[in-house]
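Each remark here refers to the structure printed beneath this line.
The values are calculated or read from the model by the stated rules, or taken from the named source; none is laboratory data. Predicted model only: the values in this text are computed from it and were never measured. Cβ coordinates were reconstructed from backbone atoms using ideal geometry, including for glycine residues, and neighbour counts include every protein chain displayed.
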Amino acid sequence: MNYENIVVETRGRVGLITLNRPKALNALNDTLVDEIGHALDGFEASEDIGAVVITGSEKAFAAGADIGAMASFSYMDAYKGDYITRNWERVRSCRKPVIAAVAGFALGGGCELAMMCDMIIAADTAKFGQPEVKLGILPGAGGTQRLPRAVGKAKAMDLCLTARFMDAEEAERAGLVSRVVPAEKVLDEALAAAETIAGYSLPVVMMIKESVNRAFESSLSEGLLFERRVFHSAFALDDQKEGMAAFVAKRKPAFKHR
Ligand code: CO8
C-alpha cells in the first residue's frame, strides 16, 4: 500500500509509523487513521516485528482530529457513517506492544492516540491537552475515559474543561508518560525500549500487555485471577524453560518465540 499520510519503516525488530502531515501538524483524518490500521495489520502479522513505535514530528505528534474535515459534519454524517470514530480502535486492539514517542503537540485526538498506546515516551517539548471544549465538542476517542485513568479525576477535569495544555514534566509527574527525555533523543529512546521488548518472548510480552490492560477493565479480584491463570499458562512455554535455564547457566536466553 502507498501511504499518503504516514511513513512506515522497520528498524531491527521494531515497526515504526511516523505521522506525516506536516502542514496540518499531523491532524488526524479518516485516511490517516485507516493507514495506521493498515500498517499495524502488517506489523502484527509479521514474525520479524516484536513491537511498534508511533511518532510524529518535532513540532507535533498530532494536533488533533482534522478540524477542517469535521467542521461541516451533521449528526447524521457522524452517527450513520460512523465517520471520525469508525477506525480508531485498531491501535488499542493491536496485540503487540505499541509505544508513542511524543514531541510537541499531542492535542485532542493526538493525545487520545498517544493514550491508546501502551506507553508514552515524551520529549521535553511535549504538550498534552484535550482542547475540544474550545471547538464546541468533547473528546471522542477516549479522552474522557483514559485521561482520568492515567492522571486522576482532578487533572483530567482540569484539562478537558479548561483546555489548558500540560507540559512533559507535569505529564510525567501525573503518570501519563513513562519517561521524559531531551527532544532530540525521544525517537531513539522509544526505539531502544521497543527493541528491548522485541528481544523477549513474544507470547510472554503479549500476556503481560493483556494482563496489565485487565487492570483497567475488571475488579482487582478478577484481574488477579486473570493474572494467575495467565501466569500458570506461561509454564507451558518453551521460552519459560529457556529463560530460567539461561539464568541458572548464567548465559543470555535465546527465546524461540519472538
Ligand atoms: N486540524 C486541522 N488543521 C490543523 C489542526 C487540526 N486539529 N491543528 C493545526 N492545524 C493546521 C492549522 O490550521 C495550520 O494550517 P494553515 O497553515 O494552513 O493555516 C497549521 O496546522 C499550523 O497550525 P497553526 O498555525 O495554528 O500553528 P501554531 O503553532 O500557531 O498553533 C496549535 C499550534 C496550538 C496546535 C494550534 O494549531 C491549534 O490549536 N490546533 C488545534 C488543536 C485542537 O483543537 N485539537 C483538537 C481537535 S478536535 C479533536 O481532536 C477531536 C478528537 C475526536 C476524535 C474522534 C475520533 C474518535
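Take F128 and tell me if it is surrounded by fewer than 20 Cβ atoms within 10 Å (Cβ to Cβ), among the hydrophobic types (A, V, I, L, M, F, W, C) and touching a residue at least 24 places away in the same chain (Cβ under 8 Å). Answer is no for this residue. Of the residues screened, E189 is one that is under 19 Å from the mean Cα position of the chain (by Cα) and more than 30 Å from H232 (Cα to Cα).
When only residues in the stretch 67-94 that are within 13 Å of the ligand (Cβ to nearest atom) and in contact with a Leu (Cβ under 7 Å, 6 or more places away or on another chain) count, which is farthest from Q130 (Cα to Cα)? The residue in question is R90.
Out of everything in the stretch 6-24 that is in a loop (DSSP other than H, G, I, E, B) and over 18 Å from the mean Cα position of the chain (by Cα), what residue ends up being nearest to the ligand (Cβ to nearest atom)? It comes out as R21.
Tally time: how many residues in the stretch 126-154 are more than 24 Å from D82 (Cβ to Cβ) and under 20 Å from the mean Cα position of the chain (by Cα)? Show your work before the answer.
First, the residues of the stretch 126-154 that are more than 24 Å from D82 (Cβ to Cβ): 126-129, 134, 148-154.
Still in the list and also under 20 Å from the mean Cα position of the chain (by Cα): 126-129, 148-152.
Count: 9.
Being within 16 Å of the ligand (Cβ to nearest atom), part of a helix (DSSP H, G or I), in the same structural domain as F128 (by the TED database) and not basic (K, R): is that true of G37 here? When the stated conditions are applied, G37 passes them.
For the stretch 129-188, the set of residues classified as touching a Leu at 6+ places or on another chain (Cβ under 9 Å), within 21 Å of A215 (Cα to Cα) and more than 9 Å from the ligand (Cβ to nearest atom) consists of T144, L147, A150, V151, K155, A156, L176, listed by residue number.
Residue check: L191 meets all listed conditions (1) among the hydrophobic types (A, V, I, L, M, F, W, C); (2) in contact (Cβ under 8 Å) with a residue 60 or more places away in the chain; (3) not assigned by the TED database to the domain that holds A122 but one, namely (3). Kindly evaluate A194 against the criterion of being hydrophobic (A, V, I, L, M, F, W, C), more than 29 Å from E112 (Cα to Cα) and part of a helix (DSSP H, G or I). Taking the combined requirement at face value, the residue does not satisfy it. Filtered by the rule that a residue be in a loop (DSSP other than H, G, I, E, B) and either over 15 Å from C111 (Cβ atoms) or under 19 Å from the mean Cα position of the chain (by Cα) (or both), the stretch 165-185 gives G175, L176, V177, S178, P182.
Yes or no, residue by residue, for (1) in contact (Cβ under 8 Å) with a residue 12 or more places away in the chain; (2) closer than 17 Å to I120 by Cα:
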| position | (1), (2) |
| --- | --- |
| L159 | yes, no |
| E172 | yes, yes |
| G175 | yes, yes |
| R179 | yes, yes |
| L202 | yes, no |
| V230 | yes, no |
| D239 | yes, no |
| M244 | no, no |
| R258 | yes, no |
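Of all residues in the stretch 82-101, at least one satisfies being over 16 Å from the mean Cα position of the chain (by Cα) and free of Cβ contacts under 8 Å to residues at least 40 places away in the same chain.
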